[in-house]
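For reference, the structure discussed in these notes is given below.
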Amino acid sequence: MVFKKEQILVNFIASLILVFRNFFFLIFYPYKTMRKISLEKDYWQILIIFFLVFLYFKLSYFLKDNPYPASFTFFAFLVNFFLTAGFFYFLSKLIKKKNRAASFKSLFFSLSYSLFPTLIWFESVSLLYLILPPPRTTSILGISFSIFFIAYSLSLFFWKLILVFLALRFSLRLSFYQILYLWLLYLIWFIPYSILLYHSKAFRVPFI
């Protein structure tokens, strides 16, 4: 029993190191790193990433006046994540008939790692809410900060697009145009769904 606990601890630490290593490699070598992630089998890594997401929801609940507890918003995130993964997986099967190369497990791993830009952005927004709460001034410093934040947000957004594209490319074995077609279909479903989440006050911006 003691040996099993030690083994679990060793596996957890090794997975934690891999998560942080992959995170930094995704910044500098996204193509090579996402290809390796799509072949992963260590589910501890996914649990660690999801736990980081849960910590964000806990932090957000204490910083802001949220109508829902962190457990509920985390559950809503899980529903969004599985809906997204399922959408891309099953639609890829329809677009590319007999797509035996497509792997839901591979997609699950790669999309989990594509959450890092989202997590960083939401954490940044929460931190800024604490340091520089709205309303913000229209002074030179205020305008400069707004320009910086827009540039910062766009850089994370494009990083997110790259990671999701690579996740679909390596996990579903789709071409560039097939991925673009899937994205278009996803937006047709996702935009009304996002509006519904906004009006329900579950998410102002869906965490996905």
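The values are calculated or read from the model by the stated rules, or taken from the named source; none is laboratory data. Here the structure is a predicted model, which is why all the values come from computation and not from measurement. Cβ sites come from the backbone with ideal geometry, for glycine too, and all protein chains shown count toward neighbours. Calculation scope for accessible area: heavy atoms of the full protein, side chains included, ligands and nucleic acids excluded. Shrake-Rupley method; radii C 1.70, N 1.55, O 1.52, S 1.80 Å.
Simple spin-label estimate for Ile95 and Ile140 gives 4.9 nm between the two label positions (7 Å along the Cα-to-Cβ direction from each Cα).
Were the residues from Tyr186 through Phe25 laid out at 0.36 nm apart, the gain over their Cα-Cα distance would be 55.2 nm. Nonpolar atom fraction for the stretch 2-199, defined as the carbon and sulfur part of the 1.4 Å probe accessible area, stands at 75 percent. Dipole check for the chain: with +1 at the C-beta of Lys and Arg, -1 at the C-beta of Asp and Glu, and the Cα centre as origin, the magnitude is about 800 Debye. Ordering Pro117, Ile147, Leu185 by Cα displacement along the dipole of the chain toward the positive end leaves Leu185 in first place; charges were set at the Cβ atoms of Lys, Arg (+1) and Asp, Glu (-1). With all pairs of separate Cα atoms included, the chain yields a Kirkwood hydrodynamic radius of 18.7 Å. When the stretch 1-131 is described by a simple charge dipole with +1 on each Lys and Arg Cβ and -1 on each Asp and Glu Cβ, the residue from Ser60, Phe25, Ala85 located farthest towards its positive end is Ala85. Relative to one another, the C-alpha centroids of the stretch 164-202 and the stretch 36-81 are positioned 19 Å apart.
Full extension of the chain between Tyr177 and Leu59 gives 38.6 nm of extra length, using 0.36 nm per residue less the Cα-Cα distance. Sorting Val164, Val10, Val19 by accessible area puts them as Val10, Val164, Val19; the probe is 1.4 Å, largest comes first, and only protein heavy atoms count. In percent, rounded to a whole number, the relative contact order of the chain is 28, using alpha-carbon pairs under 8 Å and six or more apart.
Under the convention that each Lys and Arg Cβ holds +1 and each Asp and Glu Cβ holds -1, the size of the dipole of the stretch 1-81 around its Cα centre is about 220 debye. A simple spin-label model places the labels of Lys32 and Gln7 3.3 nm from each other, with each point 7 Å out along Cα-to-Cβ. So if R0 is 35 Å, what FRET efficiency would Ser155 and Val79 give, r being the distance between their Cβ atoms, rounded to the nearest 0.05? E(calc), rounded to 0.05, equals 0.80. Dividing the summed -39500 (n - 2.57) terms of all DSSP H runs of n ≥ 4 by the residue count of the chain sets its mean residue ellipticity at 222 nm at -27500 deg cm²/dmol. In this structure the chain gives 62 Å² per residue of accessible area when probed at 1.4 Å with all protein chains present. Assuming R0 = 41 Å, can you tell me the calculated FRET efficiency for the pair Ala14 and Phe148, based on Cβ-Cβ distance, to the nearest 0.05? Here the calculated transfer efficiency is 0.65.
Does the stretch 1-82 come out rounded, prolate or oblate by the C-alpha gyration tensor, with a ≥ b ≥ c the root eigenvalues, rounded set by a/c under 1.5 and, if not, prolate when a/b is larger than b/c and oblate if not? Because a/c hits 1.5 or more and a/b fails to exceed b/c, the stretch 1-82 counts as oblate.
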